[in-house]
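Everything on this sheet refers to the single structure shown next.
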Amino acid sequence: MTTVRRRHAGDLVDPDAIVARLRDEGHTVGTTRRRILEAVRAKQRAFTADELADTLDDVHVATVYRTLGLLEEIGVVRHVHLSHGPAIYERTAISSDLRHLVCEICGRHVAVPKRVFDSARRTLARDYDFVLDGSHFAIVGRCRTCVDDAESTPDV
């Protein structure tokens with residue numbers, strides 16, 4: 001498995017600074033990449049690459065994926081695997097302190113502050129010499145509604 005080492009861009013939100021960083025990394029930034037960058041900057045919530053591509057006329061989804069990959073490398077966005085289905089992307093300036101929960105029954109997705117996992121993070125480090133990241137994959141479980149529905153359903 002290849003691991004991409006991501007740089008932390010801090011609050012790299014200025015479009016000119018993002019373009020400069022991409023160019024410093026040896027990438028060209030034409031009209032299409034600028035359009036994708038502006039579409040990403042307009043997002044206030046998580047999105048899939050397909051959802052982003054749907055907002056951009058005449059931009060192929062493969063170009064969107066490639067550009068999102070570059071933006072992830074420089075720390076502007078990150079992707080998270082919720083469960084089955086496509087990954088979601090988030091602007092790091094908005095989401096760096098969030099972690100994700102997803103219901104394995106209904107697919108409901110909830111973003112929570114990463115501090116919710118502080119106790120587990122400390123226990124894993126202390127007892128297992130393991131540092132929890134938690135930013136790449138969602139924590140899978142069951143939401144309250146699905147738990148309540150399962151408890152009210154008689155066994156057959």
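If I model a spin label at residue 32 and residue 124 as a point 7 Å from the Cα along the Cα→Cβ vector, what separation in nanometres do I get?
3.8 nm
Using the Cβ atoms and a cut-off under 12 Å, what net charge is assigned to the surroundings of residue 105, where Lys and Arg are +1 and Asp and Glu are -1?
Values: positive: 108, 142, 144; negative: 104, 148, 149.
Charge balance in the 12 Å sphere: 0.
Starting with the fewest neighbours, write out 147, 131 ranked by other beta-carbon atoms found within 10 Å of each beta-carbon.
Values: 147 13, 131 9.
Ascending Cβ contact count within 10 Å gives the list 131, 147.
Pick from 87, 53, 125: which is most flexible by mean-square fluctuation in a GNM of the chain where alpha carbon atoms under 10 Å apart are linked?
Comparing 87, 53, 125 in a Gaussian network model of the chain, the most mobile one is 125.
Please list the three semi-axes, largest first and in whole Å, of the ellipsoid equivalent to region 97-152, using sqrt of 5 times the eigenvalues of its alpha carbon gyration tensor.
On the way: eigenvalues 129, 33, 16 Å².
Calculated on Cα positions only, the semi-axes equal 25, 13, 9 Å.
Which value in deg cm²/dmol, rounded to the nearest 500, describes the helix-derived mean residue ellipticity at 222 nm for the chain, given -39,500 (n - 2.57) per DSSP H run of n ≥ 4 and division by the residue count? Display every interim value, and only then the final one.
Numbers: 7 runs with 65 residues, N = 156.
The helix contribution divided over the chain gives -12000 deg cm²/dmol.
Answer rounded, prolate or oblate for the chain, using the Cα gyration tensor with square roots of eigenvalues a ≥ b ≥ c: rounded when a/c is under 1.5, else prolate when a/b is larger than b/c, else oblate.
Working: a/c = 2.66, a/b = 1.57, b/c = 1.70.
It is oblate, given that a/c is not under 1.5 and a/b is not larger than b/c.
Run the numbers for residue 62 and residue 147: contour at 0.36 nm per residue of separation, minus the present Cα-Cα distance, in nm.
Gain on stretching residue 62 to residue 147: 26.7 nm.
Hey, what angle do you get for helix 15-24 against the long axis of the chain, alpha-carbon based, 0 to 90 degrees rounded to 10?
80 degrees
Do any trypsin sites (Lys or Arg not before Pro) in region 34-66 lie in a DSSP loop with no more than 11 other beta carbon atoms within 10 Å, and if so, which?
Working: sites: 34, 35, 41, 43, 45, 66; in loops: 43, 45.
Loop-located and lightly packed - 45.
Read-outs throughout are calculated quantities, based only on the coordinates presented, and are distinct from any laboratory measurement. Everything numeric here is computed off the predicted structure, so don't read it as measured data. For neighbour counting, all protein chains shown are included, and Cβ atoms are generated from backbone atoms with ideal geometry for every residue, glycine included.
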